[in-house]
Amino acid sequence: MKHTFTQILLFFFFTFWLSPIIAQNIIWSEDFSSGQIPTGWINVDAAGQVMMPWEWETSGIYFSGQPSFSAPTVTNGFVMFDSDKAGFLPTGHNAQLTTNAIDCSNQSTVIARFSNQYSYASPNAQASLGVSTDNINFTYFPILTNIQAYDLSKSEQLSNVDISSVAANQAVIYLRFRWIGNYEYTWRIDDVILLDAFVRHNLAIEDYSLPNAHQIPLEQIDTFFFQANIENLGSQSQTNVQLTAEITDFNNQIIFAETVNLNTIPGNTNGNTVVFNTYLIPSANLQSGEYTVSYSLMQDSIDFDSRDNQKDFGFVISDTTFAIDNGKGLSPFAGGSGVQAAGSYGVANYYYVPNDGSKATSVAFAVNNPFSLAGELVDIYLYQVDINNDGNLDDDGNGFINSDDFNSNLKGFFQYTFTGFETSNNLITVPLDNFMISGEEIPLVQNGSYLVVFKYFGNELLLITTSEKIPYSNLNTIGINTANDQWILGGLPTKGLAVLRLNIQALGTATTYILPESSVKIFPNPASDYLNISVNLENLNEYLDIMLTDMNGRIVIQDYQSNIWQQSFNYNIKSLSSGIYFLIIKTEKGQLTKKIIIE
């Protein structure tokens with residue numbers, strides 16, 4: 001059942017709770033609660049590119065797919081350098097923020113600990129912590145070196161730096177936060193403390209099993225297995241450690257719970273993998289709705305940071321929809337491989353189908369700027385991938401992943417033309433046609449892996465809508481450079497997930513589609529006095545709902561008819577103001593929207 005859950009190493013970095021019961025002593029601290037950068041701190045760009053690089057903030061500027069900064073005292077303020085705001089500079093910036101003098105007398109060990117939210121673009125970017133005893137000559141300690149370029153997914157990254165080699169037993173030291181770069185993203189810093197020892201008691205849930213998607217159709221729910229990795233970030237062994245896994249349903253009822261006794265975990269260890277002996281088999285008791293999975297730790301000692309002792313994530317059992325995105329933090333994304341201008345590109349989302357008996361019916365996607373795309377085309381594809389079920393998408397074995405790996409297994413397609421009147425960031429649902437036999441169902445095979453692909457070959461700037469990053473799949477969203485057919489499995493530069501969903505139904509059931517363009521004729525258009533609508537449907541429909549709305553979505557005409565097949569309607573529009581309107585035709589078979597101009 002390797003497809004049921006995917007272990008994702010999340011690389012969480014953990015912060016602290018300031019508590020008198022913790023054994024470490026705090027030498028010095030700063031939480032930036034004064035409403036400004038502390039008086040006397042030196043704030044300069046040593047390269048002379050930015051006047052006042054560091055700013056005091058309470059919210060800051062956040063980027064596509066990036067969660068809010070989650071330092072312990074973030075609400076009372078933090079410091080930030082916004083390199084992106086500074087723009088591209090003739091030479092790189094060297095943003096430095098230096099503290100006042102700090103007394104570390106009689107301290108044989110000095111550990112600097114602080115919360116960050118750091119994101120950059122260039123491989124030449126360097127973040128470091130400098131330490132000096134004279135405020136002139138600094139020793140620099142590289143920090144945040146394990147953060148990947150373009151990674152905007154973390155709400156907090158913790159730095160623990162042993163600065164004893166410079167600071168131990170010194171009556172005066174200075175700390176300097178230095179960032180060298182050019183047109184990067186941002187660096188946020190909060191809750192800086194100096195400790196006299198490394199943390200002794202600090203367990204953390206490092207990574208854990210996740211489902212393959214945020215939304216999974218009820219008929220495609222698979223067995224739930226539970227697994228997590230526990231690390232001891234403290235220097236001492238932790239005893240009587242217990243890990244509990246729970247699933248809570250939409251009524252806040254616990255439908256699964258198990259506790260595993262881990263006994264003792266030695267200090268400074270990771271890789272303590274916990275595999276639960278029991279699992280949850282889907283049953284008739286499962287219903288559509290939102291569910292929460294929780295992993296929680298307990299142990300004898302009082303933990304230095306209890307926030308990383310519990311990890312929760314939500315997922316949805318849907319009626320018919322597969323979705324990787326969770327619909328939160330919606331924002332635009334322009335192109336793959338860092339393309340931030342007009343041009344062709346694509347994205348793809350991966351979905352796993354554990355059970356047979358289903359068919360693919362439609363794909364839903366969203367874009368941020370449909371108003372600028374009138375007449376532009378996008379191609380939607382459904383490929384079956386990983387036919388040999390080895391977890392490798394390189395099906396032809398040539399060492400590259402591109403369309404050649406999937407073209408022989410193209411199952412469905414659709415070409416969509418933008419009207420320019422679609423709603424920003426709202427779902428656009430298009431039917432999938434069987435590639436081999438038009439009009440036939442598209443069956444999904446048991447244990448099948450599928451890619452929903454969105455490709456654009458136009459000249460306008462098309463902004464795909466993305467949602468905040470949650471790694472429900474090991475593939476997540478794939479970026480596609482259509483110029484060279486390069487498929488980037490590392491995801492989008494923003495690390496967001498494309499709003500690109502797959503809808504399914506049971507084999508043999510009737511499928512609802514968008515009505516064919518030929519089924520509705522409108523004349524005249526533009527119109528001034530009367531609007532004539534001729535409906536020519538393929539079969540008798542139980543109802544026909546006709547709505548005319550203005551640009552603000554206000555309904556100005558609505559007519560509901562029953563038992564309609566072929567019929568014409570006439571509407572007096574003399575009282576309507578000149579402008580653009582939308583005619584929406586709905587039946588139980590589908591929907592069609594047309595632009596109307598009234599003169």
Please give, to one decimal in nm, the separation of the simple spin-label points placed at S122 and N572, each 7 Å out from Cα toward the Cβ.
6.9 nm
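Let me check I have the definition right: for the stretch 517-598, take the eigenvalues of the Cα gyration tensor, multiply each by 5, take square roots. What are those semi-axes in whole Å, largest first? If you can, show how the numbers build up before the last one.
Values: eigenvalues 93, 32, 24 Å².
One finds semi-axes of 22, 13, 11 Å for the stretch 517-598.
At 1.306 mPa s and 10 °C, plugging the Kirkwood radius over alpha-carbon pairs of the stretch 426-468 into Stokes-Einstein gives what diffusion coefficient in µm²/s? The partial results should precede the final answer.
Numbers: Rh = 14.0 Å.
It diffuses with D of about 114 µm²/s by this estimate.
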How high is the relative contact order of the stretch 200-319, in percent, with contacts defined as C-alpha pairs under 8 Å that are six or more residues apart?
36 percent
Compute, for the chain, the length of the dipole vector about the Cα centre, with Cβ point charges of +1 (Lys, Arg) and -1 (Asp, Glu) only. Units Debye, rounded to 20.
720 debye
Rounded to 0.05, the calculated FRET efficiency for the beta carbons of S562 and F250 at R₀ = 41 Å is 0.70
Cα-Cα pairs in the stretch 245-366 separated by more than 21 Å, as a whole percent of all pairs, come to 62 percent
Principal axis box of the chain, alpha-carbon based, largest edge first, Å:
93, 58, 49
As an exercise, take the mean of 1/r over every pair of distinct alpha carbons in the stretch 66-139, invert it, and state the Kirkwood radius in angstroms.
15.6 Å
For the chain, with the dipole built from +1 on Lys and Arg beta-carbon atoms and -1 on Asp and Glu ones, taken about the Cα centre, which of Y351, N525, W179 lies farthest toward the positive end?
N525
What distance in nm lies between label points placed 7 Å from Cα along the C-beta direction at N389 and N536?
4.9 nm
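Based on alpha-carbon positions alone, could you give the equivalent ellipsoid semi-axes of the stretch 322-506 from the gyration tensor, as √(5λ), descending, whole Å?
Numbers: eigenvalues 114, 70, 52 Å².
Rounded to whole Å, the semi-axes are 24, 19, 16.
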Based on Cα positions only, what radius of gyration and what Dmax would you give for the stretch 26-195, in angstroms?
15.2, 46
Looking at this model, which pairs from K85/K469; K574/K594; K455/K595; K154/K359 are more than 28 angstrom apart at the alpha-carbon?
K154/K359
Quick query: amide H of V385 versus all other amide H atoms, modeled in the peptide plane; which residues come in under 5 Å with a sequence gap of 5 or more or a different chain?
S449, Y450, L451
Testing the spin-label approximation: label points 7 Å from Cα along Cα→Cβ at N285 and E460. State their distance in nm.
5.2 nm
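Using the 10 angstrom Cβ neighbour count as an exposure proxy, how do W565, W56 rank, fewest first?
Details: W565 12, W56 15.
Ascending Cβ contact count within 10 Å gives the list W565, W56.
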Along principal axes, largest first, the alpha-carbon spread of the stretch 120-270 in whole Å comes out as 65, 42, 25
Cα-Cα P(r), the stretch 192-254, percent of pairs per 10 Å interval
14, 34, 26, 17, 8, 1
With the label point 7 Å along the Cα-to-beta-carbon line of I26 and a cut-off under 20 Å to each amide N, the hits in the stretch 280-319 are 302-309
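Throughout, read-outs are computed from the coordinates displayed, never taken from laboratory work. Quantities reported herein were computed from a predicted structural model and do not represent experimental measurements. FYI the Cβ positions are ideal-geometry reconstructions off the backbone, even for glycines, and counts take in every protein chain you see.
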